[in-house]
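The values are calculated or read from the model by the stated rules, or taken from the named source; none is laboratory data. Note that this is a predicted model, so its numbers are computed, not measured. Cβ sites come from the backbone with ideal geometry, for glycine too, and all protein chains shown count toward neighbours. For accessibility, only protein heavy atoms count, side chains too; no ligands or nucleic acids. Shrake-Rupley method; radii C 1.70, N 1.55, O 1.52, S 1.80 Å.
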Amino acid sequence: MILRTQLSALARRPARALLTGMALTIAACAVFGTALSHQVVRQVAVERLSQTPATTDLVVTATPTLDTLRKVRAVPGVAEAVGRVDGYVELERISSAYLQVNADPGSGPLAKVRLTRGRYPSAPHELAVTRRAADRLKLPVGTVVSLRLDAPDTSDPDAPRRSVRATVTGLVEAADDGLEAAYTTDAFAAQLAVVDRWRQIDVRVAPGVSLDAVRAGLAAVVDSDASDSIVTGAQARVREQKETLVDIDVVFVAMSLFVVLAVIAAALVTASTFRIVFAQRLRQLALLRAVGADRRVLARALAAEGALTGMVAGVLGVLAASALGLLVPLVLRGFGIDVPRPGFPVGTAVAVVAGTVLVTMLTVLAPAFAAARVAPLEALRTASTTAGRRGIGGVRAVVGALLAGGAVLSGAVAAASLNGSRSPGQGTMVLMLVLCSFVLAFLALIALGPVVVRPVLAVVSWPLRQRGATGRLAASGVGAAPRRAAAVSTVVALGVALIALTLVVGATTQAAADRQAASVAPEDFNVVADDGAVVPDSVIQAARARAELTAVVPYRTATVRVGASRSDVMATDLDLRQLGARGPQPEPRPASEPGQPQARPATDAPDTVGSRRVAMDQAVARAAGVRSGDSVTIMLGQRTLDVRVAVILDATPLGAGIIVSPTDLDQLGVPRGPTGLLADAARPGEQGRTAAYQALAAISPADQGLRLAVLADQRDQTREETDVLILVLLALISLTVAVAVVGVGITAALSVVERVRESGLLRAVGMSRGGLTAMLTTEAALYGVLGATLGVLLGLPYAAMSIKTFDSTVPVEIPFGQLAATVAVLTALTALAGLLPARRAARLSPMEALATDG
């Protein structure tokens with residue numbers, strides 16, 4: 001009877017039920033969406049990262065000879081056979097420029113590339129290249145290029161190399177279009193790669209022909225006794241994708257941790273929402289108690305209501321994720337990105353709905369039993385709601401204090417470990433201590449939230465209270481229900497703490513990676529002379545005269561031995577003072593750990609390197625057993641030179657182990673001619689880099705024994721990988737933030753219903769509709785400010801400790817601008833979440849509001 005009463009009340013107000021379960025709907029959508037994304041990413045990896053096309057029926061894998069391809073094509077039932085081979089060839093007219101050569105038919109079911117311009121090679125001495133190769137290496141359609149092939153006997157470095165001329169007949173688009181690659185017929189590709197065997201042969205079986213019959217025919221012509229020399233296309237693709245798919249699965253396991261955080265946030269928001277909803281139905285529950293309803297029966301009815309809400313939320317979340325899974329591929333196709341549509345895993349969908357019901361049951365139990373304890377006399381109240389409790393109970397206070405003490409203690413132990421010397425194996429233990437402290441601190445915030453919120457609210461609302469009555473009323477409205485404010489802002493704080501941690505760790509990692517890249521690869525290009533050769537002075541002068549280049553710096557290198565170490569070390573006299581703006585930048589460095597040499601940035605070298613004073617890489621110094629200020633002997637052949645280690649660097653340019661002065665190299669008998677040349681592109685961007693590359697290639701031809709390397713590509717790749725990782729982490733954390741913003745909107749909407757008479761009274765005493773809207777919107781914004789403040793205060797110290805766990809000498813970079821933007825955006829989002837309920841409250845006339853029972 002009671003359950004029917006509760007369900008009928010729920011049916012009369014479906015909007016409130018949807019509002020109550022909205023956070024869970026978002027969480028269920030995130031969980032099912034992650035499962036669908038995993039499915040799609042695996043499918044894309046299978047399609048794009050596999051070397052075997054999906055249309056391949058059989059694959060000959062036992063490195064068949066070149067003549068085997070002709071025999072395979074003659075087997076009855078074989079519709080098409082393609083020999084696969086890949087290798088590299090050097091362009092004669094460009095210093096150290098290589099093309100990756102691949103065999104591909106160019107069209108048909110077994111093609112892996114798509115022709116975009118010109119025609120695909122159909123005869124020997126024809127090539128089709130990727131767009132990057134055409135732009136970077138100046139290979140437009142119609143270009144005749146001379147290719148230098150490897151010697152057939154690779155064990156003899158002095159074996160003669162022959163050249164082959166080829167014509168670029170077309171441009172192609174490949175799965176990995178970022179490579180400087182060329183595609184051609186299988187016969188010409190084998191000639192260019194100088195191989196006598198195919199990597200594999202892909203076979204497509206004619207329609208209607210038995211796969212087993214063709215496999216038997218292939219076995220007769222393939223010269224191999226291995227049982228797996230002929231496999232199906234699906235088996236070959238599984239082999240190729242196994243390692244990649246394992247990596248993808250690991251990534252999605254990590255993603256699942258963030259989804260779990262979103263689910264936890266949704267559970268906290270839902271528990272707070274149920275408390276508000278049950279409090280608004282206080283008189284109804286008291287009437288049921290007055291007519292004889294048992295507390296346990298009433299609690300079970302409220303729990304069943306929660307379970308029904310969870311089931312509806314789970315179903316809606318699954319349907320929303322499925323709709324997005326169908327919509328996103330259509331949108332991406334509009335931008336030229338082909339992504340497959342996901343399927344509908346029924347088992348996963350059922351598990352998500354069941355999990356949502358379970359989470360809802362767990363979150364509704366405490367509010368349900370608290371509401372069931374209502375006294376029957378509460379039915380005599382004139383209002384249907386009651387004021388929320390402002391404080392916390394003694395048990396909750398004790399639990400919160402214990403959690404806070406545990407957080408401080410574990411954090412103190414971790415901090416003490418960071419400041420002292422530790423073995424490499426202790427890093428994991430320290431990181432676990434930091435994580436444990438963070439979890440305990442967050443749990444303490446949940447327990448002590450109502451107490452913590454008051455002083456923080458007093459600080460963050462001070463500017464509002466100085467601006468007039470609207471700000472004071474908004475601050476008092478939030479402060480009047482500290483338990484509610486704490487429940488909402490705690491979820492916001494979790495999201496902001498994770499964002500702050502990610503931004504700080506990301507900024508520190510990026511800065512460290514930039515410094516490392518700037519030290520190791522200080523400029524965009526490096527021209528290196530072959531062993532025993534030098535960079536001609538004409539090349540140096542020509543480089544300095546080209547407008548496409550800047551910061552041209554020649555240098556010498558020599559292979560030496562340092563101290564008692566028997567390992568060869570490269571020494572260079574590169575003058576870092578001549579490097580361009582992309583060279584190493586100075587940084588403050590704290591003291592290194594006890595027992596370790598003091599490592600400093602590469603920019604410290606120019607002020608300290610001089611005659612018999614050297615800068616040394618920290619790894620070389622560790623191997624030689626020297627510290628800053630020690631004397632050490634450098635050996636080159638029969639010559640020795642005693643020098644003093646002026647500075648130990650955390651990274652040295654070009655992989656050199658030691659930086660010396662030119663006079664030191666002279667005394668060691670190193671010839672005076674430069675062995676290398678660094679240069680920067682004069683203009684930024686890919687176009688400027690391409691122009692600089694072409695300028696250097698033109699003045700340093702390969703026949704002079706010069707090799708050209710693009711160091712900037714290495715720097716860009718490192719930065720792009722870090723940027724992508726940070727963006728992915730922020731996108732995952734945004735799930736928690738989205739749930740928090742929804743929680744603010746739900747709280748604002750339910751508070752408006754609860755405070756209808758208060759709103760009417762304010763309107764009756766002269767507050768305008770705009771003033772009431774501004775007040776209620778400001779209240780919602782304050783929830784965001786509260787949570788953001790608590791999140792930043794919680795996240796920053798743990799971000800610093802996390803960084804120091806990995807490297808105690810790295811300076812922590814705090815991106816104040818990004819953190820301020822995060823707080824501003826979150827405040828705006830929470831204000832927008834409260835705007836609609838505020839406008840709804842302002843539209844109600846004062847007389848109607850005052851006449852409302854509430």
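The table below lists the values:
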read-out: Failed condition for Ser421, given (1) farther than 30 Å from Asp807 by Cα; (2) open to solvent by 60 Å² or more (accessible area, probe 1.4 Å); (3) at pLDDT below 80; value: (1)
read-out: Candidates Asp223, Asp202, Asp247, filtered to the one that is open to solvent by 20 Å² or more (accessible area, probe 1.4 Å) and either at pLDDT 85 or above or in a loop (DSSP other than H, G, I, E, B) (or both); value: Asp223
read-out: Boolean, Phe438 is in contact with a Phe, Trp or Tyr (Cβ under 6 Å, 6 or more places away or on another chain), assigned to a helix (DSSP H, G or I) and modelled with pLDDT of 65 or more; value: yes
read-out: Neighbours by Cβ (under 8 Å, 6+ apart or cross-chain): first from segment 229-240, in contact (Cβ under 8 Å) with a residue 12 or more places away in the chain; second in a helix (DSSP H, G or I) and open to solvent by 50 Å² or more (accessible area, probe 1.4 Å); value: Ser229/Ala219; Ile230/Arg215; Ile230/Ala219; Val231/Arg239; Thr232/Leu211
read-out: Gly745 vs. criteria open to solvent by less than 10 Å² (accessible area, probe 1.4 Å) and closer than 13 Å to Val488 by Cα; value: no
read-out: Qualifying positions in segment 611-629 - under 18 Å from Gln516 (Cα atoms) and part of a strand (DSSP E or B); value: Ala615, Met616, Asp617
read-out: Within segment 495-550, considering residues that are under 30 Å from Val259 (Cα atoms) and in contact with a Gly (Cβ under 8 Å, 6 or more places away or on another chain), the one surrounded by the most Cβ atoms within 10 Å (Cβ to Cβ); value: Val496
read-out: Condition broken by Arg719, with the remaining ones in (1) charged (D, E, K, R); (2) assigned to a helix (DSSP H, G or I); (3) farther than 18 Å from Pro522 by Cα satisfied; value: (3)
read-out: Residue among Val318, Val357, Val328, Val353 that alone is in the same structural domain as Ala286 (by TED's automatic domain parsing) and over 15 Å from Ala30 (Cβ atoms); value: Val357
read-out: Lone qualifier among Gly118, Gly108 - being over 23 Å from Gly142 (Cα atoms) and either buried (at least 16 other Cβ atoms within 10 Å of the Cβ) or in the same structural domain as Val203 (by TED's automatic domain parsing) (or both); value: Gly108
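Per-residue answers, yes or no, for (1) modelled with pLDDT of 85 or more; (2) of a type in the set (Phe, Trp, Tyr); (3) closer than 21 Å to Val488 by Cβ; (4) in a helix (DSSP H, G or I):
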| site | (1), (2), (3), (4) |
| --- | --- |
| Ile814 | yes, no, no, no |
| Gln818 | yes, no, no, yes |
| Ala821 | yes, no, no, yes |
| Thr830 | yes, no, yes, yes |
| Ala841 | no, no, yes, yes |
| Met847 | no, no, no, yes |
